[in-house]
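For reference, the structure is listed below as structure tokens.
The values are calculated or read from the model by the stated rules, or taken from the named source; none is laboratory data. Here the structure is a predicted model, which means the values were calculated and not measured. Neighbour counts run over all protein chains shown; Cβ positions are idealised from the backbone, glycine included. In case anyone asks, the SASA skips ligands and DNA or RNA and just uses the protein heavy atoms, side chains included. Shrake-Rupley method; radii C 1.70, N 1.55, O 1.52, S 1.80 Å.
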Amino acid sequence: WYMISFEDYDFTVTDRFLRYVRMDTQSDPDSATTPSTMKQKELAVLLALELRQMGLTDAQMDEYGYVYATLEGNCKGPAPVICFCAHMDTAPDCSGAGVNPVLHRNYQGADLVLPDNPAEVLKLADHPDLRLQTGHDIITAGGNTLLGADNKAGIAEIMDAIRFLVLHPEISHGKIRVLFTVDEEIGRGVDHVNLEKLGADYAYTIDGEKAGSIEDETFCADLAKVVLHGIPVHPGFAKGKMVNALKIAACLLGKLPADKLSPETTEGREGFIHPVSLSGNAEKASLSVIIRDFSEEGLKSHEEVLRMAMEEALETFPGGNAFLTIIPQYRNMKQVLDQHPRVTALAREAIRMAGLEPIQQNIRGGTDGCRLTLMGLPCPNIFAGEHAFHSRQEWVSVQDMQKAVQTVVFLSSLWAGESRMLL
């Protein structure tokens, strides 16, 4: 691995990224199909074609829109099969149609005004990581859409790393599997992944933020469904009789803490209770609430807060009824990854080899890697250089993307020296 040099390498990661983000691949949470939007398959077809052109002859898109491909190993002796994974969809939170990527060369620390919408300004005060980017080339969208660095930066980085390994067969590596998924942004990213077909021993999602970061811990997550029943009566004759389900819901929401336990008041390892939708009428209302914490004990504590708010609301509106259902979503992947310490240890070493200091972090959310880990495929998350996810101010550094390419290459080489017997 110490012979690997990128000094004369003509990186393709930026050109790939600029092409990929122009393709609208926004997923749709209201769709029942897989993928949720057929336009995701347009990128999948392109990626499978480009992988075949690089010599990965088995590259294909399956019926669900996933892309699978294999770079055969060339190392002597056994080595684990490693998968690198990224997702093709962009978030429904912000438009992904008509993305106009803008390259700001040799950034020198000023606020960045986005050219298509001057009201959108990347201010240093709001984006402190920009202070680390002096001299870098920054890519943003024009100002009317998200950029799509989440997660097309990761896709472009994996593609360029595979190209580097193909062009340098002298670099020892084991079998590498590539997996590009759909619908990650709406929580369905690995619903139809075929782990037997994938055949990997360990995996890495390339879907993180700051250069050098590696994440081996995620939230635990539950979805709470509250159904509220009132007593409908003609409003002209309702005195002393009507119980309005919407007012019960409003009362319940008003009893949730305003200064804690919400996304807007928490950070770090603090969990939250987050109402995400409310619908209904005077007779019946339905409320969806997501519960997040890094421990299952924390989840149960937050769910009890919600339950108490519901019961207090019913005391205010006698005659009403409420039913609370808790639906498990995912759990902290650290409980599994701690059983496979070499997976994160080698990632940290690869990051150092790329010239960066590893930053061990947790994710205030979930990833495809979280679900893959809990399905039996240990899969921490490595940086892709993405910043300001899901917004018009999303940005990524060209140089950070190149460091991610190097990290994937070094990591592939490091695994070539690992025997399954040691793990």
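Look at H136 and say whether it is touching a helix residue (DSSP H, G or I) at 6+ places or on another chain (Cβ under 7 Å), of a type outside the set (V, I, T) and surrounded by 12 or more Cβ atoms within 10 Å (Cβ to Cβ). Considered against the rule, which asks whether it is touching a helix residue (DSSP H, G or I) at 6+ places or on another chain (Cβ under 7 Å), of a type outside the set (V, I, T) and surrounded by 12 or more Cβ atoms within 10 Å (Cβ to Cβ), H136 comes out as yes.
The lone criterion from (1) outside any strand (DSSP E or B); (2) modelled with pLDDT under 95; (3) among the hydrophobic types (A, V, I, L, M, F, W, C) left unmet by L246 is number (2).
A quick yes/no check of all residues on (1) more than 20 Å from Y330 (Cα to Cα); (2) surrounded by fewer than 19 Cβ atoms within 10 Å (Cβ to Cβ):
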| site | (1), (2) |
| --- | --- |
| A156 | yes, no |
| D216 | no, no |
| C220 | no, no |
| V226 | no, no |
| V243 | yes, no |
| D259 | yes, yes |
| P263 | no, yes |
| E267 | no, yes |
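For segment 344-402, a residue qualifies if it is under 30 Å from A97 (Cβ atoms), outside any loop (DSSP other than H, G, I, E, B) and out of contact with any His (no Cβ under 8 Å at 6 or more places or on another chain), and the qualifying residues are I363, G369, C370, R371, L372, N381, I382, F383, M401, Q402.
A quick yes/no check of all residues on (1) over 30 Å from C83 (Cβ atoms); (2) aliphatic (A, V, I, L, M):
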| position | (1), (2) |
| --- | --- |
| P257 | yes, no |
| L278 | yes, yes |
| G298 | yes, no |
| M310 | yes, yes |
| F317 | yes, no |
| I327 | no, yes |
| R331 | no, no |
| P341 | no, no |
| M353 | no, yes |
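Reported count of residues in segment 304-320, each being open to solvent by 80 Å² or more (accessible area, probe 1.4 Å) and either of a type in the set (F, W, Y) or part of a loop (DSSP other than H, G, I, E, B) (or both), is 1. Of everything in segment 305-334, what is at pLDDT 95 or above and in contact with a Gly (Cβ under 6 Å, 6 or more places away or on another chain)? Give them in sequence order. Across segment 305-334, the qualifying residues are L314, G320. Among residues belonging to segment 41-89 that are touching a strand residue (DSSP E or B) at 6+ places or on another chain (Cβ under 7 Å), open to solvent by 20 Å² or more (accessible area, probe 1.4 Å) and part of a helix (DSSP H, G or I), point out the one that is farthest from L414 (Cα to Cα). Of everything passing the filter in segment 41-89, K41 is farthest from L414 (Cα to Cα).
F323 meets each of the listed conditions (1) hydrophobic (A, V, I, L, M, F, W, C); (2) open to solvent by less than 50 Å² (accessible area, probe 1.4 Å); (3) farther than 17 Å from C379 by Cβ apart from (2). Considering the conditions (1) farther than 27 Å from T344 by Cβ; (2) in a loop (DSSP other than H, G, I, E, B); (3) open to solvent by less than 20 Å² (accessible area, probe 1.4 Å), S95 is excluded by exactly one of them, (3).
Checking each residue in segment 352-394 for being open to solvent by 40 Å² or more (accessible area, probe 1.4 Å), within 24 Å of D191 (Cα to Cα) and not basic (K, R) picks out N362, L374, M375, G376, F389, H390. Here M38 passes the criteria (1) under 28 Å from T134 (Cβ atoms); (2) open to solvent by 20 Å² or more (accessible area, probe 1.4 Å) except the one numbered (1). Being more than 17 Å from G320 (Cα to Cα), in a loop (DSSP other than H, G, I, E, B), touching a residue at least 12 places away in the same chain (Cβ under 8 Å) and not hydroxyl-bearing (S, T, Y) is the requirement here; does A211 meet it? Answer is yes for this residue. In this entry, A200 passes the filter for residues that are in contact with a Lys or Arg (Cβ under 8 Å, 6 or more places away or on another chain) and part of a loop (DSSP other than H, G, I, E, B). Pairs are defined by a Cβ separation below 9 Å, a sequence spacing of at least 6 or placement on different chains, a first member in segment 1-30 that is under 24 Å from W415 (Cα atoms), and a second member that is open to solvent by 100 Å² or more (accessible area, probe 1.4 Å) and at pLDDT below 95; the pairs so defined are M3/E170.
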